[in-house]
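Only the coordinates and a few stated rules stand behind these numbers; no lab work does. Since we're looking at a predicted model, the values are computed, not measured. All Cβ positions, glycine included, derive from the backbone under ideal geometry; neighbour counts span all protein chains shown.
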Amino acid sequence: MSTLPLRIVLVRHGVSSFNLEHRVQGRDDLSHLTEEGELQSRLTGQALRELGFEAVYSSPLQRARATAETLLASHGASVSPEFDDDLLEIDLSPWSGLLRSEVRALDPEQERRWREAPETMELRRADGRAYRPVPELMEQAARFAGRLRARHGDGEAVLVVAHNAILRCLVLHLLGLPASAFLRLRLDNASISVLNLSRGEGGNPQVQLESLNGIAHLGVPLPAAAAGSRLLLVRHGETDWNREGRFQGQMDIPLNAHGLAQAEAARAFLAPVPLQRAYSSDMARPLRTAEVILSSHPGVPLTSTRGLREIGHGLWEGRLESEIAATWPQLLADWKRTPQTVQMPEGETIGDVWDRSLDTWNRIVAGLAPQETALVVAHDAVNKTILCSLLGLTPADIWTVKQGNGGVTVVDYPRGAAAPPVLASLNLTAHLGGVLDRTAAGAL
């Protein structure tokens, strides 16, 4: 990735009157920001003070407009928001203003589709014409993203304030995912998400999801748990080799002092969260990270497994990138551009890691009872393969998600272990010092 990408910060509007009443909002401008929503907007502006924005875009609907204006006043930014109709919320006009219970009674089949397969849901406009709200919204997101990329480039930071469904569609579009992945993402009121857009190897556009649905600035560590089991996926703390940029792979390098501090920060962050089980790679750095976190959860059993070991880099282990480039220049270039094609010299492929990581993950998920929460501590490549699979991405897409040392990701299974999960949060690092992930990237 470029060291200075185009950074896109997404913020969902604060709690609105219809949110509190459990009414359908859609794009009708009937709902307004509540006092709680105003407070959330101010807190979000304060959390974003570390960032300067070249531009701010907002939905024109009053709940988003008020969020943007309150946020910017709290932030101290001099830039004014530009209101863009392509950031309007999903068009649910036949249901607007209704309670969710009323929608279930009025239109049970389409309401069921909204909950289970929203991309297939079909409504009718006032003139009787049928339309599919989610595919339409995906097209709307694509238009906005196209203008955004045309106007802004590397080194800039852009703030986008809008609504739940349109922001989810924007993330899906940027990641190259279809509308059928709509239910795999969660965005809470006043949450912060960060994407980085840059020119990858060969000048091809590359998108990285740095974080998703961060709400620690609102005074709560994690989104409220839904029905079903929950897994907290954590990357181990920093090692000296992470700091130096060495490929460590299956070399058993311990945490350094900063890595122990990161583990301690993750412990404090997760201390209020009930845990019933814990799992770790059997290597020293994730095991130690897990032990530190579990010091606030006495009695929780910790199981280590080889299935969560880091990718075996073979002859690359212990080497700096510059050293690898001197001996394997083409293979290193392929690893950056098409990682799924690379066989590590005397090591593994990303497909090997994908298969064993997902097999281990799925066995962990299948072993959890409803409402149980499990901690899983592993490595960069392992976490990335798991998350790519859960999102519907492929081994070719491992650079698309970021996993910082000590970062926390939340995965929910509200419909059971056999159904697709929900990525409730990704790579939360506020406990490590701010909205952005500034942990050592190290070498994968």
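Between amide H atoms placed 1.01 Å from N, distances below 5 Å from Phe83 occur with Ser58, all of them 5 or more places distant or on a separate chain. Take every DSSP beta bridge whose two residues both sit in region 6-218; close to 55 percent of them are antiparallel.
With semi-axes defined as the square roots of five times the eigenvalues of the C-alpha gyration tensor, the equivalent ellipsoid of region 6-218 measures 28, 21, 14 Å, largest first.
Taking θ as phi - 60° and the Karplus parameters 6.51, -1.76 and 1.60, the scalar couplings of region 172-177 work out to 4, 4, 5, 7, x, 9 Hz in sequence order, x denoting glycine and proline.
Beta bridges assigned by DSSP with both partners in region 275-399 are antiparallel in approximately 10 percent of cases.
Annotation: amide H of Ser425 within the under-5 Å range of Val410, sequence separation 5 or more or interchain, hydrogens built in the peptide plane.
Using a Gaussian network model of the chain in which every pair of alpha carbons under 10 angstrom is joined by a spring, one finds that among Ser180, Ser58, Ser211 the greatest mean-square fluctuation is at Ser180. Subtracting the Cα-Cα distance of Glu291 and Thr305 from 0.36 nm times their residue separation leaves 3.6 nm of extension gain.
Which whole-number value in Å³ per residue fits the convex hull of the alpha carbons of region 229-432?
Residue-normalised Cα hull volume stands at 104 Å³.
So what's the net charge close to Asp412: Lys and Arg +1, Asp and Glu -1, counting the other residues with Cβ under 11 Å from its Cβ? That sum, taken over residues with Cβ under 11 Å, equals +4. How charged is the neighbourhood of Leu368? Take every other residue with its Cβ under 14 Å from the Cβ of Leu368, and add Lys/Arg as +1 and Asp/Glu as -1. Charge balance in the 14 Å sphere: +2.
Within the listed set Pro60, Pro254, Pro108, the residue fluctuating most in the Gaussian network model of the chain (springs between alpha-carbon atoms under 10 angstrom) is Pro108. In the chain, the calculated helix contribution to ellipticity at 222 nm averages -10500 deg cm²/dmol per residue, counting -39,500 (n - 2.57) for every DSSP H run with n ≥ 4. The rule of thumb for compact globular proteins, 2.2 N^0.38 Å, goes into the C-alpha radius of gyration of the chain 0.98 times. Principal-axis analysis of the Cα atoms of the chain puts helix 133-151 at an angle of about 70° to the longest axis. Per-residue Karplus couplings for region 328-338, computed as 6.51 cos²θ - 1.76 cosθ + 1.60 with θ equal to phi - 60°, are listed in order as 10, x, 5, 5, 5, 4, 5, 4, 6, 9, 9 Hz, Gly and Pro entered as x.
The phi torsions of region 426-435, fed into the Karplus equation with coefficients 6.51, -1.76 and 1.60 and a -60° offset, translate into couplings of 10, 6, 6, 10, 4, 5, 9, x, x, 5 Hz, rounded to whole numbers, with Gly and Pro shown as x. Volume per residue for region 1-91 equals 109 cubic angstrom (convex hull of Cα atoms).
Over the C-alpha trace of region 148-246, radius of gyration and Dmax come out as 16.2, 44 angstrom.
Compute the projected area of the convex hull of the Cα atoms of region 223-303, averaged over all viewing directions, and report it in nm² to one decimal place. Mind dumping the intermediate values first?
Working: hull surface 23.5 nm².
Here the figure is 5.9 nm², rounded to one decimal.
For region 63-101, the residues whose amide N sits under 20 Å from a probe point set 7 Å from the Cα of Arg147 along the beta carbon direction are 63-69, 79-92. Taking the C-alpha atoms only, the angle from helix 380-391 to the longest principal axis of the chain is near 30 degrees.
Relative to one another, the C-alpha centroids of region 119-140 and region 39-117 are positioned 19 Å apart.
Annotation: extensible slack from Glu82 through Leu320 equals 81.2 nm (criterion: 0.36 nm per residue apart, minus Cα-Cα distance). Which length gain, in nm to one decimal place, applies between Arg124 and Leu20 when the Cα-Cα distance is subtracted from 0.36 nm times their residue separation? Extra length from Arg124 to Leu20 when fully extended: 34.8 nm. GNM on the chain, alpha-carbon springs under 10 angstrom: the most fluctuating residue among Arg42, Arg125, Arg23 is Arg125. Summarising the amide proton neighbourhood of Thr305: residues at separation of 5 or more, or on other chains, whose placed amide H is nearer than 5 Å comprise Ser280, Ser281, Asp282. Nearest 5 percent is fine: what portion of the DSSP beta bridges confined to the chain is antiparallel? Bridges in the chain that DSSP calls antiparallel: roughly 50 percent. Projecting label points 7 angstrom from Cα along Cα→Cβ for Arg104 and Glu372 puts them 2.8 nm apart. Expressed as a whole percent, the proportion of Cα-Cα pairs in region 349-439 lying more than 21 Å apart is 32%. Computed from the Cβ-Cβ distance with R0 of 45 Å, the FRET efficiency linking Glu136 to Ala268 stands at 0.55.
In the chain, the longest principal axis of the Cα atoms and the axis of helix 257-270 are about 40 degrees apart.
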